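Working notes, structure below.
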Amino acid sequence: MTEPDASTPTRTEPAGRQEFRAHCREWLANNHPGRPPVPLPLSQLLIDDVRAVEWLQGWQKSAYDAGLVGCDYPVEYGGGGRTDCQVIANEEMHAAKTPYLVNIVGMGMAGPTILFHGKEEVKRELLPPLLSAEHIWCQGFSEPGAGSDLANQQTFARRDGDHWIVNGHKVWTSLAHFADWMILLCRTDRSDKYGGLSYFVVPIKAALGEGVTVRPLIKMTGETGFNEVLFEDLVVPDRYRLGAVGEGWKVAMTTLTHERGAAALVNPSAGGMPLEDDSSVTTSSVSSLIELARSQPRGAGTAADDPAMRDALMRLLIRQEAQKQGQRRSRVPALTDHPARLPLQSKLVNSELTQDIGALACEIEGMRSTLHVTDARAPAGGLYPLAYMNSFGGTIAAGTSEIQRNILGERVLGLAKSK
């Protein structure tokens with residue numbers, strides 16, 4: 001007996017949701033964008049080619065116009081006005097193997113924060129082009145001295161009438177080299193660590209060379225994606241402040257809650273899949289890893305014939321199946337004992353599972369794992385070693401695995417606060 005696909009409607013799904021699912025499925029069948037003009041990296045956060053950005057913006061705009069993006073946002077802010085339908089659109093995009101949606105920071109972090117904390121005119125101004133990907137967003141949180149200790153912000157905003165003057169330095173800023181806007185957490189009072197923070201949305205592209213400098217950072221993979229952003233007397237209107245002065249930490253928690261997936265407003269950026277050079281390879285899938293093991297020589301046979309390797313593959317397969325069933329459980333309200341448990345757990349488990357898949361792939365490939373993606377002899381196009389190196393960003397972003405475990409222990413399990 002085979003298990004139904006996640007996108008198959010169930011008998012308990014309300015009629016309206018079944019109709020929306022049918023709409024998504026029909027539209028995707030007729031409007032799949034096909035392959036991009038240039039190869040896409042494994043994640044939206046790794047894009048460094050403007051041609052990829054522009055093509056993905058066009059794809060997101062078409063999906064938005066069809067009602068598959070921003071489904072659960074209010075109509076007055078450019079959304080579909082639906083309830084609990086974004087997850088359906090995500091499932092159908094995933095099943096159709098569409099490319100990912102490019103505006104990941106906008107939809108997963110900036111959008112919910114603006115919706116819950118922005119002034120009415122700011123929501124009407126910024127949310128529609130965010131959802132359609134006309135405007136690309138980035139996140140200005142991390143600094144050289146403020147990573148896991150996020151409250152140690154030193155970028156400073158000084159009030160000047162109806163404006164703020166911003167000076168400081170942000171780092172590890174994904175997509176800043178393409179971004180139109182940034183969500184910005186900075187200090188407005190040096191005497192109070194948490195109560196001295198305020199939160200802004202900043203039009204950085206319009207200020208390039210006039211208060212904003214973006215410098216790409218080259219990673220060990222040779223890719224960019226990350227950047228550092230420097231502010232020098234950048235002028236920001238007060239209307240672009242989210243929340244009250246000194247409530248930046250509270251507003252930032254809204255951002256982080258959605259970034260970690262522990263909120264009701266579902267991120268549309270999770271809906272699609274990257275179109276890798278070898279479409280048969282999905283570097284986060286154990287089934288693809290098994291095929292890799294069957295193709296790599298080991299002794300008189302293949303890596304898949306090695307009992308120790310088979311055992312390692314089975315352990316990963318069990319973890320992946322457990323993660324899949326946890327995601328199914330999260331869609332059943334009666335099985336959800338704590339609203340943050342499964343989303344936070346999913347981020348932690350999935351990021352570490354992806355990293356472990358990449359590590360085992362390198363072991364399977366052996367010396368061949370040192371071959372670059374441009375080398376025709378590289379197994380699976382060299383994607384697995386690349387994915388493994390990039391996976392460390394996943395176990396750091398949105399809170400390191402250690403921070404995630406602390407949050408789960410303290411806020412979900414009720415354990416004593418760690419020292």
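Could you please find all residues in segment 117-152 being modelled with pLDDT of 95 or more, farther than 12 Å from TRP181 by Cα and either part of a helix (DSSP H, G or I) or among the acidic types (Asp, Glu) (or both)?
Within segment 117-152, HIS117, GLU120, GLU121, VAL122, LYS123, ARG124, GLU125, PRO128, LEU131 qualify.
For segment 46-55, indicate whether the set of residues that are crowded, with 19+ Cβ neighbours inside 10 Å and at pLDDT below 85 is non-empty.
yes
Touching a residue at least 40 places away in the same chain (Cβ under 8 Å) and within 27 Å of LEU185 (Cα to Cα): which single residue out of ALA96, ALA110 fits that description?
ALA110
Output the qualifying pairs, or none if there are none: Cβ atoms under 6 angstrom, residues six or more apart or on different chains, first residue in segment 64-78 and assigned by TED's automatic domain parsing to the domain that holds LEU115, second residue aromatic (Phe, Trp, Tyr).
ALA66/TRP27
State all residues of segment 178-202 that are in contact (Cβ under 8 Å) with a residue 24 or more places away in the chain, over 14 Å from MET253 (Cα atoms) and not in a strand (DSSP E or B); if no residue qualifies, say none.
Passing the criteria: PHE178, ALA179, ASP180, THR188, ASP189, ARG190, ASP192, LYS193, GLY196.
Any residue that is surrounded by 17 or more Cβ atoms within 10 Å (Cβ to Cβ), farther than 15 Å from LEU292 by Cα and of a type outside the set (Lys, Arg) - is there at least one of those in segment 369-382?
No; the residues of segment 369-382 include none that is surrounded by 17 or more Cβ atoms within 10 Å (Cβ to Cβ), farther than 15 Å from LEU292 by Cα and of a type outside the set (Lys, Arg).
Which one of ALA89, ALA66 is crowded, with 21+ Cβ neighbours inside 10 Å and touching a Cys at 6+ places or on another chain (Cβ under 9 Å)?
The match here is ALA89.
How many residues, within segment 203-219, are assigned to a strand (DSSP E or B), surrounded by fewer than 17 Cβ atoms within 10 Å (Cβ to Cβ) and of a type in the set (A, V, I, L, M)?
Matching residues across segment 203-219 total 1.
The values are calculated or read from the model by the stated rules, or taken from the named source; none is laboratory data. Quick caveat, the model's predicted, so the values are computed rather than measured. Here the Cβ is made from the backbone with ideal geometry for all residues, glycine too, and neighbour counts use every protein chain on show.
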